[in-house]
Amino acid sequence: MSGVLEAQDLGIRFGGLQAVDGVGFEVGAGEIVSVIGPNGAGKTTLFNMLSGVYRPSSGRVLLGGEDVTGLPPHLLACRGLSRTFQNLQIFQSMTVLENAITGFHLQERGSLLSDLLALPGSRRRARRAREEARALLARVRLEGDADRSAGGLSYGALKRLEIARALALRPRILLLDEPAAGCNAVETEEIDHLIAEVAASGIAVLLVEHDMKMVMRISNQIVVLDRGRPIAKGDAATVSRDPKVIEAYLGADAGGLDAEG
């Protein structure tokens, strides 16, 4: 399995606070790696370093073998890294299809003048973007809602729309920050299946998620953080039995985590 994204001894300080320290792992093509940990463990901070929102204080980020440490988000996106966020970033007043089309902006190669004058090349690009956006909506099972206002979708459908827009960048790796947060059991299962399908297509997936059933079910590897430091790494069965993980989640006297959720 080829390495797509690699974190090497990543750390970041905010003033006197060491928020993340010594985190390292690799995500291969078609692999799902989950990052878990109690609240405040540093999961989103780690994502922000990997996606260029924060520049690490130490360590390196490799994307396809290239050192991309500290590159801004738009340059990482051009290199094949796409992400979603904890809070929805949907244009509520636009249609579902229009939201999906916005994800293709990095693929556009036309000039502003061409678009303003609606020249043939501009019309061809717009038509191709609409066709590809509709195909993405079918992939996330929203093709029947293409012409609806995005604001009228259920919360779970909006989460899937965000994933569709992230996929429009044609990423090599997709970072998903709590994609099932706020979803009911049915919506979570739909997102679970979608993530598995994305990975099966060859895209690497890095996931932060609090739903342990989902994490244990779909992850090839799990990285556990506690107070910014890695305390365990391995498959679901290994991680769920690790005493340090059990203590971090449930306290020193807890009986254990259930790998089956």
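Coordinate-derived values only; no laboratory data. Quick caveat: nothing in here was measured; it's all calculated off a predicted structure. So basically every Cβ, Gly included, is an ideal-geometry build from the backbone, and we count neighbours across all protein chains shown.
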Using only the alpha-carbon atoms, what does region 130-251 span along each of its principal axes? Please give whole angstrom values in decreasing order.
51, 28, 23
May I ask for the distance between the Cα centers of region 192-242 and region 29-58, given as a whole number of Å?
12 Å
For a footprinting-style exposure proxy, rank ARG172, ARG229 by other Cβ within 10 Å, fewest first.
ARG229, ARG172
A correct fewest-to-most ranking of THR69, THR44 by other Cβ atoms within 10 Å would be THR44, THR69
Listing CYS78, CYS183 by rising number of other beta-carbon atoms within 10 angstrom, fewest first, gives CYS78, CYS183
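Please give me the summed charge of the neighbours of ALA41: other residues whose Cβ is under 9 Å from its Cβ, Lys and Arg +1, Asp and Glu -1. The partial results should precede the final answer.
On the way: positive: LYS43, ARG227, ARG229; negative: ASP226.
So the surrounding residues net to +2.
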Whole-angstrom Cα spans of the chain along principal axes, big to small:
67, 39, 36
Could you compute the FRET efficiency for LEU75 and ARG217, with r as their C-beta to C-beta distance and R0 at 35 Å, rounded to 0.05?
0.55
Backbone HN-Hα couplings from phi across region 208-220 [Karplus 6.51/-1.76/1.60, Hz, Gly and Pro as x]
10, 7, 8, 6, 5, 4, 5, 4, 5, 7, 10, 7, 7
